[in-house]
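Structure record follows, encoded as structure tokens.
The values are calculated or read from the model by the stated rules, or taken from the named source; none is laboratory data. In this text the structure is predicted, and so the values were computed from the model without any measurement. Here the Cβ positions follow ideal geometry from the backbone for every residue, glycine too, while neighbour counts run over all protein chains shown. The accessibility values were calculated without ligands, DNA or RNA, using every heavy atom of the protein model including side chains. Shrake-Rupley method; radii C 1.70, N 1.55, O 1.52, S 1.80 Å.
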Amino acid sequence: MIATESLSKRYPRVTALDRLTVDITPGVTGLVGANGAGKSTLIKILLGLAPATEGRATVLGRDVASDGPGIRALVGYMPEHDCLPPDVSATEFVVHMARMSGLPPTAARERTADTLRHVGLYEERYRPMGGYSTGMKQRVKLAQALVHDPELVLLDEPTNGLDPAGRDDMLGLIRRVHSDFGISVLVTSHLLGELERTSDHIVVIDGGKLLRASSTSDFTQTTGSLAVEVTDREADLLAALTAAGLRAQGAGHLLMVDIAGDETYDTVRDAVAGLGVGLVRMEQRRHRIAELFADADEDAHSDEDAHSDEGAHSEEDTDTDPHATVPAGTGRTAR
Ligand SMILES: Nc1ncnc2c1ncn2[C@@H]1O[C@H](COP(=O)(O)OP(=O)(O)OP(=O)(O)O)[C@@H](O)[C@H]1O
């Protein structure tokens with residue numbers, strides 16, 4: 001669907017993309033990177049809206065340098081920032097966008113009604129968008145990207161500004177864009193957990209460089225560890241599990257227990273019951289994408305000055321945080 005070859009974009013003070021070579025296949029692909037990693041720049045180049053400094057890219061087999069209009073006819077785009085005129089309704093706006101994409105008036109109205117219903121906007125679609133919540137605005141932005149029935153949509157940070165429930169709704173909608181309509185999706189986020197849940201494939205970029213591209217399942221292999229969380233007496237539980245012959249260690253409120261076989265689950269359950277404490281959770285641990293980031297290596301640091309880390313997130317990833325962010329900073333390497 002998308003192929004880039006040594007694609008670079010240099011601004012006077014910043015290298016936004018640095019010799020990026022990646023192949024993106026049909027399905028839902030998550031493009032993950034900290035703020036400033038180059039996600040929006042890549043999307044603009046793919047739409048033919050900004051020229052690359054060097055390298056080449058094709059979208060649906062068309063060259064971004066020479067066929068921007070052809071690409072934009074086949075691709076939907078949901079921009080990151082608020083771009084909706086406040087004094088028109090969602091219906092008026094999406095009909096307008098459909099007409100701009102070349103749909104005749106009747107088809108534009110029908111497709112608009114269908115698409116707005118699909119994204120979950122009903123009566124409110126006749127009200128001026130200035131009064132909409134962030135979640136409603138994001139839905140309108142998604143609807144205008146879908147209204148001309150594209151083969152591919154590029155969604156730039158669609159969960160930005162949404163609360164956890166709003167994020168879940170938006171992620172569900174994005175999954176359905178592919179499962180219900182067969183439209184492929186490239187969705188960006190700096191939140192690892194949500195892309196893990198939504199995407200078939202994950203592409204990780206940092207400082208404009210490709211860190212890794214592979215299927216989501218390759219990123220999140222299950223391990224042989226069981227994460228156990230109890231309400232109280234973690235140290236006593238650790239001692240009880242060790243006495244029962246299991247290898248276990250404490251990690252804050254969590255105990256990590258090596259799975260020796262199916263009976264490990266029973267042993268943990270019995271030990272917890274024996275102590276009379278509550279079991280908060282017991283689950284097989286999965287690698288999260290953030291664990292694929294090793295500490296920055298010396299070589300990668302040498303060109304760090306070339307990149308801005310403006311707006312980078314300082315939040316640390318943890319195994320339990322579904323909204324963990326990509327560790328900020330440039331030049332990190334994937335294990
Ligand atoms: N028009 C521009 N002129 C100069 N520098 C730019 C321009 N556009 C982007 N940059 C810089 O290029 C780098 C990559 O920006 P980009 O917007 O692509 O990142 P991003 O991963 O989409 O992050 P965000 O989600 O914060 O937008 C950043 O350092 C940014 O400051």
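Which part of the stretch 253-271 falls in the paramagnetic zone of residue 229, meaning amide N under 15 Å from the point 7 Å along Cα-to-beta-carbon? Under 15 Å, as judged by backbone N against the label point of residue 229, lie 253-257 of the stretch 253-271.
Annotation: amide H of residue 35 within the under-5 Å range of 313, sequence separation 5 or more or interchain, hydrogens built in the peptide plane. Taken along the Cα-to-beta-carbon direction at a fixed 7 Å, the label points for residue 249 and residue 165 span 4.1 nm. Rounded, prolate or oblate, given the Cα gyration tensor of the stretch 2-219, with a/c below 1.5 counting as rounded? Prolate is the answer for the stretch 2-219, as a/c is 1.5 or above and a/b outweighs b/c. Between residue 114 and residue 263, the modelled label-to-label distance comes to 5.9 nm, taking each label 7 Å out from Cα in the direction of the beta carbon. Exactly which chymotrypsin sites (Phe, Trp or Tyr not before Pro) in the stretch 58-124 are in a DSSP loop and have at most 12 other Cβ atoms within 10 Å? Counting only loop positions with at most 12 other Cβ atoms within 10 Å, the chymotrypsin sites (Phe, Trp or Tyr not before Pro) in the stretch 58-124 are 122.
Relative contact order of the stretch 62-193, taken over Cα pairs closer than 8 Å and 6 or more residues apart, is 31 percent. Using heavy atoms of the protein chains and a probe of 1.4 Å, the accessible area assigned to residue 96 is about 100 Å². Surface calculation, 1.4 Å probe, protein heavy atoms: residue 21 sits at approximately 80 Å² accessible. Label zone of residue 106 (point 7 Å out along Cα→Cβ, amide N under 19 Å): in the stretch 57-96 this covers 95-96.
Computed from the C-beta positions of residue 25 and residue 284, the FRET efficiency with R₀ = 30 Å rounds to 0.60. Backbone N atoms of the stretch 170-185 closer than 11 Å to the 7 Å Cα→Cβ label point of residue 123 are not found in any residue.
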